[in-house]
Amino acid sequence: MVKLSEHLRRTGVFSMEEVNRVMPPPEVLKKGPVAVVECIQEIPCDPCHASCPFGAIKEFKDINDLPEIDWEKCTGCTLCVAKCPGLAIFVVDASCDGDDALLKLPYEFYPVPEKGEEVELLNRAGEVVGKGEVRSVIEPHKDGTKVVTVHVPKDMIADVRHVRVVR
Ligand code: SF4
Ligand code: SF4
């Protein structure tokens, strides 16, 4: 059984140790877009595995297993991002030159952000930590769950976990 931190149990927000456990190492991040699977509680769930056409999320031996990702196989396609019912997966692309990275985040709220719009960047606690420009909004499975791609400073890729439209 995976032990959850006291911080997570008390606040509902990952500790930095838990964040670091799921973030790809720098040598993976510089290669291209990859999925980050922030799923650290054993629950009976596995659509992330079935939704990956590249076999990057390993087959579960038990439905309660934690997902394991092979970043060498992950293309950053975002199909798992829009399929995870817990909105626990996002894609990070920190391979571009310059100070900005791209985050591809699951989004199920209204209003839906628009391409080119400036949105607030929120951390896991729902606090505003900056602003970023929306690069695209797609709906990979045509089932209501969008994937919003937003520009984020590279030094904030471990912090930003959601966006908020302010009009
Ligand atoms: S982003 Fe695409 S390739 Fe990567 S794990 Fe998810 S579905 Fe598989
Ligand atoms: S689909 Fe999402 S919530 Fe379910 S096991 Fe995979 S990452 Fe966790």
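Can you pull out every residue in the stretch 1-18 that is under 18 Å from the mean Cα position of the chain (by Cα), among the acidic types (D, E) and surrounded by fewer than 15 Cβ atoms within 10 Å (Cβ to Cβ)?
E17 - this is the single residue of the stretch 1-18 that is under 18 Å from the mean Cα position of the chain (by Cα), among the acidic types (D, E) and surrounded by fewer than 15 Cβ atoms within 10 Å (Cβ to Cβ).
For the stretch 120-145, give me each residue that is among the charged types (D, E, K, R) and over 12 Å from V165 (Cβ atoms).
R124, E127, E133, R135, E139, K142, D143
Are any residues in the stretch 19-39 surrounded by fewer than 17 Cβ atoms within 10 Å (Cβ to Cβ), touching an Asp or Glu at 6+ places or on another chain (Cβ under 9 Å) and in a helix (DSSP H, G or I), and if so, which ones?
V28, the sole residue that qualifies.
Scan the stretch 40-59 residue by residue and report those that are closer than 25 Å to S15 by Cα and surrounded by 20 or more Cβ atoms within 10 Å (Cβ to Cβ).
Hits for the stretch 40-59 are C48, I57.
Taking strands (runs of 3 or more DSSP E) that do not extend beyond the stretch 60-127, which have at least 3 residues that are open to solvent by 20 Å² or more (accessible area, probe 1.4 Å) and touching a residue at least 12 places away in the same chain (Cβ under 8 Å)?
118-123
Looking at the stretch 151-163, is at least one residue over 18 Å from L29 (Cβ atoms), open to solvent by less than 20 Å² (accessible area, probe 1.4 Å) and not charged (D, E, K, R)?
Yes, that holds for at least one residue.
The values are calculated or read from the model by the stated rules, or taken from the named source; none is laboratory data. These figures come from a predicted structure and were not determined experimentally. Glycine also receives a Cβ, built like all others from the backbone with ideal geometry; neighbour counts cover every protein chain displayed. Note: areas computed on protein heavy atoms with side chains; ligands, DNA, RNA excluded. Shrake-Rupley method; radii C 1.70, N 1.55, O 1.52, S 1.80 Å.
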